[in-house]
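**Student:** Below you'll find the structure I mean.
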Amino acid sequence: DELKFQIPVVVTVSIPPTRNRELWWIAAVWAVLVGLIIFNATRRKQSGALVPAQNVLLLPSRESRDETLQTRLMPHLARGLMNRFVRALISQRAELIQTSETGTEQLNELENQLEKITTRLQTRQSVYERRIAELEKELAAAEEENRELIRAKLHETRQNLERARAQRQ
């Protein structure tokens, strides 16, 4: 009861102006110390939690772990690991499906390009074959013309030869 009724005593101290700088430094050091003490106290409160908020799959520290807590947490941890595993499988499956679709699209594009190239080559080949046939016909016609010219030339030469013989005789 006596402690409840303490009367504050106000003490006035006159500080010489040269010591103001020293007092400010002392006050700053005390403020930093008080801040560190408060920070350490709040950190201890946070570390006393069962599971850190950042990672649900971590077990509590060894000091606070006991058999019942561990047996109660195991199904939750197993479910969390299973969920993480299933999510990883689903994301890998989605990536594989996307890769497969991309590959199929690229294959279809290649098939279309190959079909266009094949069509062009077949068209060129048919044009070349027609041109070869035309050139063979022209060659045959030219050969026939040459034969006729040669025959005509031979006939003319024979006639000239006979005229020359007839003139000599």
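**Student:** Tell me which residues, restricted to region 14-54, are at pLDDT below 75, under 47 Å from the mean Cα position of the chain (by Cα) and open to solvent by 80 Å² or more (accessible area, probe 1.4 Å).
**Tutor:** R43, R44, K45, Q46, S47, L50, A53, Q54 - these are the residues of region 14-54 that are at pLDDT below 75, under 47 Å from the mean Cα position of the chain (by Cα) and open to solvent by 80 Å² or more (accessible area, probe 1.4 Å).
**Student:** Further question: Being open to solvent by 60 Å² or more (accessible area, probe 1.4 Å), at pLDDT 80 or above and either out of contact with any Ser or Thr (no Cβ under 6 Å at 6 or more places or on another chain) or in a helix (DSSP H, G or I) (or both) narrows it down to one of L81, L58, so name that one. If you could, list the steps in order and put the result at the bottom.
**Tutor:** Values: L58 fails: at pLDDT 80 or above.
Going through L81, L58 in turn, the sole match is L81.
The values are calculated or read from the model by the stated rules, or taken from the named source; none is laboratory data. Treat the numbers as computed from the prediction; the structure is a model and nothing was measured. All Cβ positions, glycine included, derive from the backbone under ideal geometry; neighbour counts span all protein chains shown. Note: accessible area is taken over every heavy atom of the protein model, side chains too, but ligands, DNA and RNA are not part of it. Shrake-Rupley method; radii C 1.70, N 1.55, O 1.52, S 1.80 Å.
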